[in-house]
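Below is one structure, written out as C-alpha cells; the observations come after it.
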Amino acid sequence: MKKNFILIFSGAILVLAFIIYFLPNIITSWRWQKAAEASAGFPYQIGLTKVVIIPCIPVPPPTGPLCTAGPLCTLLTPNLFSCGLHSEVNGIPAGGMGSNALFLNTAIIKAGLTPGGQLIAGGTSPVLMDSGVLASAGGCFGCMAKANFKDKIFNWIDKYIIAGFKNN
C-alpha cells in the first residue's frame, strides 16, 4: 500500500515537473503561431530580429511642425499629436517585406516588444503598420484567439497562469 502511494506520488511529481518545464515553451510557440497566422491576413508583413525602437519626436513651431528621430518618422503628417504616438522599429530582416516600420507606442507596449528582441507584424501599409498585428515573445497586439478548444485553453493559460508567473 505504501509502495503504491510512493509510486503514484513520484509519478505525479514527475508529470508536474514536466509540465512546469515545457509549458512556457509550448505557450511561446503557440503565441508565434497565432501571430504568424494573424499577420498573414495582411498584404504587408515584416519579421525582424535585433529590434531597435526609435520614438518619434514632435518638433513644434517655429522650426516645425516636424516629426523627427527615425527616418520613417518624417513620413508622418506634421500633426504633433500623432507624431508622439508612434515609434519607428527597425532591425535585421528575418522574413517579410522590409527592415523597418512605424507602430503605435501602445501596440509596442501591449506586444511586449523590447529592444534587441524580435517581431512579426502585418499591416495595410509597408511603412505605417498601426492598424495591423504586432507580436513579439512578450505577447501579441491585434491577435485574436481561435474558437477551437486548444486555443481557448492556451489563451486562458497565457492570460492567467503565465501572466501570474511574470508578475512574481
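The values are calculated or read from the model by the stated rules, or taken from the named source; none is laboratory data. Computed from a predicted structure; not experimentally measured. Here the Cβ positions follow ideal geometry from the backbone for every residue, glycine too, while neighbour counts run over all protein chains shown.
Below, the figures for the structure above:
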{"item": "Residue that is modelled with the lowest pLDDT, among those in region 113-137 that are part of a loop (DSSP other than H, G, I, E, B) and either surrounded by 17 or more Cβ atoms within 10 Å (Cβ to Cβ) or among the charged types (D, E, K, R) (or both)", "result": "Asp130"}
{"item": "Some residue of region 74-86 being of a type in the set (Val, Ile, Thr) and modelled with pLDDT of 90 or more", "result": "no"}
{"item": "Conditions (1) modelled with pLDDT of 75 or more; (2) closer than 20 Å to Thr106 by Cα; (3) in a helix (DSSP H, G or I); number of the one not met by Leu48", "result": "(3)"}
